[in-house]
Ligand SMILES: Nc1ncnc2c1ncn2[C@@H]1O[C@H](COP(=O)(O)OP(=O)(O)OP(=O)(O)O)[C@@H](O)[C@H]1O
Ligand SMILES: [Mg+2]
């Protein structure tokens, strides 16, 4: 009897002993970077700026937090289409005159715009510690967004390539004209050289019919398969629509001015497909480095590390 009671007391006492278990440290936060998509083309004037601006609006209306990066120096620009007038740009941040958040503009549906047409080269020339501070600022800021859309200039200058190559995905715009798709193919060839596994989505803009869009895309896809072994995803066709130039004259996005027109329908379809693509191919948020550090890597070394 005594032995049993004694044994029970011992067991109870044992259970009262503070347990010295090792508590695992909390996992290190994994830097989550927003999905980055650059809009580019070979030839100029094919509709990049209009597409990126209206796509941003379509996605923002669906609740996505969108950051637009304007990396195009030309006059007909994202800020004009959104009715914004930037006074400062990235170069003012690089020179230390402004903080990053001071150059960011707010457009419709809380779209944020970073005017970055100039300043990238200066950024790459910064002293390493200053550069890292700036990149860290950008990375913090980028985390507030679901999607970063980048409007680039036409052609294959280093600055255009740096944004296109540094983005996780590219929207390559062409029209059905041979001069336009031959140049778009050249752009693809350049991208392929640096980032052979980058998903490239093709948009045929200003097509007279869906069929014409498909034919153009099929032709380009065959070329890309045959000569580059780079798969090209035809993500959409946007029809030629007189409401597009009409809305530009009003400095309004056509998605707001003419929401039921053919071009607006094309943009809505594009927005849906782009969103579906994320869950399907898992390309987003999987890169360890932020957009800006990859842009700078490219400008400095002509190469960018991509998560595959
Ligand atoms: N779907 C469309 N239907 C009719 N016109 C269009 C369409 N898309 C674009 N445009 C016209 O094409 C012109 C060029 O468009 P936009 O400025 O967007 O091209 P871009 O590729 O950004 O040009 P750049 O290379 O100079 O930056 C605009 O004047 C616009 O009116
Ligand atoms: Mg443009």
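Every read-out reported here was derived from the displayed coordinates using simple, explicitly stated rules and does not represent laboratory data. Everything quoted here is computed from the prediction, not taken from an experiment. With ideal geometry, Cβ positions are generated from the backbone for all residues, glycine too; neighbour counts draw on all protein chains shown.
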Under the 0.36 nm per residue contour assumption, what length would be gained going from the current alpha-carbon distance of residue 210 and residue 231 to full extension? 5.5 nm
Among 66-72, 131-137, how do they line up from the highest to the lowest mean number of other beta-carbon atoms within 10 Å? 66-72, 131-137
Once you compute Rg and the Kirkwood Rh from C-alpha atoms, what is the Rg to Rh ratio for the range 32-297? 0.95
Sort 35-41, 47-53 by the packing proxy (mean of other Cβ within 10 Å over each peptide's residues), most packed first. 35-41, 47-53
Can you give me the three principal axis dimensions of the range 141-276 from its C-alpha atoms, in Å, biggest first? 41, 40, 29
